[in-house]
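One structure below.
The values are calculated or read from the model by the stated rules, or taken from the named source; none is laboratory data. Being a predicted model, the structure only gives us computed values, none of them experimental. All Cβ positions, glycine included, derive from the backbone under ideal geometry; neighbour counts span all protein chains shown.
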Ligand code: GTP
Ligand code: MG
């Protein structure tokens, strides 16, 4: 018999990138933050979530975006590989606005990147060979992950890195997260990078050093997916990107574009271009891939979709709060057809604009009905 016990517990809202990263997961996390009592981040500093707090831009590489909710507990989960300097800087920046250290919990078994790992990665060919952003900006993430797998003597865990105690409480965060869930709390799980970058599912070797699926993300911080209600908010762009350089192929059914071509397609009155959040190099852009999206949905089973970069379909929608256009409507229907049971609930038309499309649709139906 099916037990409903698990669903009486707290709920997880997981934000998952369905393309090759930079889907705008940060701004979706920003939207959810105020509803959550806990924000959990795993992964490492090779991802950068761009958010706006009171009109000021922040790029969160290590600290959960949920910090913008002053009542939320912040967790750097067990599967994290921490760049101490990055975390310290982000805590200091955020602290200029809200208290952080007394509500930040860092898992004692998370790994901390060492200077030897940074030096080794700086000498590696990862940047040239697969476009690794970590290798380009000398962060040592790949080396730290490799050392972890090899159980090398070079590894350092958070419990053995006393400086971390100045930034937050170093403890067993698996217990903390599960106690919160058993107590009925809402937990935001802030995924990084994208499905196409997964070491298991992406185009090897042009992948990141971890699996980026929702199941692996939940497991990496100690959440049992079969017994906890998980809302999977799949974030997709209209035109996916990959990082600069030799970063690997897009899918067979999409075409790589020049930024000038996309500017013309979108009818933009200013040149469209994007630079990588961490390395500031120009991103590569392509048309939407149905095959990649289908696979991302098959593996992650999103329960709802956040559609970002709607302004690239038709630039007259840029920064529009209630975007209406034929191109957007066609694209939204295509996404919902492909995603099967996951509706598009959020639409973005600019860095700081988000529309609750679900609510909008409901109100339209009420009006017509
Ligand atoms: P990663 O984990 O590094 O992949 O981060 P991310 O998914 O949070 O994305 P990131 O912040 O690196 O990149 C998204 C960029 O696009 C940021 O500069 C956002 O401010 C911007 N952005 C987000 N949504 C939109 C949108 O709908 N339209 C436009 N034009 N820009 C957007
Ligand atoms: Mg980013």
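For segment 295-313, the set of residues classified as in a helix (DSSP H, G or I) and either touching a helix residue (DSSP H, G or I) at 6+ places or on another chain (Cβ under 6 Å) or within 13 Å of ligand 1 (Cβ to nearest atom) (or both) consists of 296, 297, 300, 310, 311, 312, listed by residue number.
Please work out if residue 264 is in a helix (DSSP H, G or I), touching a helix residue (DSSP H, G or I) at 6+ places or on another chain (Cβ under 8 Å), surrounded by fewer than 20 Cβ atoms within 10 Å (Cβ to Cβ) and at pLDDT 95 or above.
Details: in a helix (DSSP H, G or I): yes; touching a helix residue (DSSP H, G or I) at 6+ places or on another chain (Cβ under 8 Å): no; surrounded by fewer than 20 Cβ atoms within 10 Å (Cβ to Cβ): yes; at pLDDT 95 or above: yes.
No; evaluated as a whole, the condition is false for this residue.
Restricting attention to segment 273-295, the residues that are in contact (Cβ under 8 Å) with a residue 40 or more places away in the chain and under 15 Å from residue 241 (Cα atoms) add up to 16.
Within 12 Å of ligand 2 (Cβ to nearest atom), touching a residue at least 12 places away in the same chain (Cβ under 8 Å) and in a loop (DSSP other than H, G, I, E, B): does that describe residue 21?
Working: within 12 Å of ligand 2 (Cβ to nearest atom): yes; touching a residue at least 12 places away in the same chain (Cβ under 8 Å): yes; in a loop (DSSP other than H, G, I, E, B): yes.
For residue 21, the condition - within 12 Å of ligand 2 (Cβ to nearest atom), touching a residue at least 12 places away in the same chain (Cβ under 8 Å) and in a loop (DSSP other than H, G, I, E, B) - is met.
The residue pairs whose first member lies in segment 345-369 and is without any contact (Cβ under 8 Å) to a residue 40 or more places away in the chain and under 19 Å from residue 234 (Cα atoms), whose second member is in a strand (DSSP E or B) and within 16 Å of ligand 2 (Cβ to nearest atom), and whose beta carbons are closer than 8 Å, counting only pairs six or more residues apart or on different chains, are 355/348. The residues in segment 238-261 that are out of contact with any strand residue (DSSP E or B) (no Cβ under 9 Å at 6 or more places or on another chain) and in a loop (DSSP other than H, G, I, E, B) can be counted, and the count is 3. Residue 306 falls short on exactly one of the conditions (1) away from ligand 2 (no atom under 16 Å from the Cβ); (2) closer than 23 Å to residue 358 by Cα; (3) buried (at least 22 other Cβ atoms within 10 Å of the Cβ), and that condition is (1).
Residues that are under 20 Å from the mean Cα position of the chain (by Cα) and buried (at least 21 other Cβ atoms within 10 Å of the Cβ) occur at least once in segment 50-57. Based on this model, can you work out whether residue 106 counts as within 14 Å of ligand 1 (Cβ to nearest atom) and either more than 28 Å from residue 163 (Cα to Cα) or in a strand (DSSP E or B) (or both)? No. Here is the figure for segment 34-63: residues that are in a loop (DSSP other than H, G, I, E, B) and more than 12 Å from ligand 1 (Cβ to nearest atom) total 7.
Kindly indicate whether residue 28 is within 14 Å of ligand 1 (Cβ to nearest atom), in contact (Cβ under 8 Å) with a residue 60 or more places away in the chain, more than 20 Å from residue 183 (Cα to Cα) and part of a helix (DSSP H, G or I). Break it down stepwise before answering.
Details: within 14 Å of ligand 1 (Cβ to nearest atom): yes; in contact (Cβ under 8 Å) with a residue 60 or more places away in the chain: yes; more than 20 Å from residue 183 (Cα to Cα): yes; part of a helix (DSSP H, G or I): yes.
So residue 28 passes the test.
Taking segment 325-369 as the range and being part of a loop (DSSP other than H, G, I, E, B), out of contact with any helix residue (DSSP H, G or I) (no Cβ under 8 Å at 6 or more places or on another chain) and over 17 Å from residue 293 (Cβ atoms) as the test, only 369 passes. Look at segment 60-74: where a residue is within 20 Å of residue 46 (Cβ to Cβ) and a partner is in a loop (DSSP other than H, G, I, E, B) and modelled with pLDDT under 95, sitting 6+ places away or on another chain with Cβ atoms under 6 Å, you get 61/45; 61/48; 62/45.
For the residues 180, 135, 153, the requirement of being without any contact (Cβ under 8 Å) to a residue 24 or more places away in the chain and in a helix (DSSP H, G or I) singles out 135.
Here residue 70 meets each of (1) more than 14 Å from ligand 1 (Cβ to nearest atom); (2) under 25 Å from residue 162 (Cα atoms); (3) part of a loop (DSSP other than H, G, I, E, B) with one exception, condition (2).
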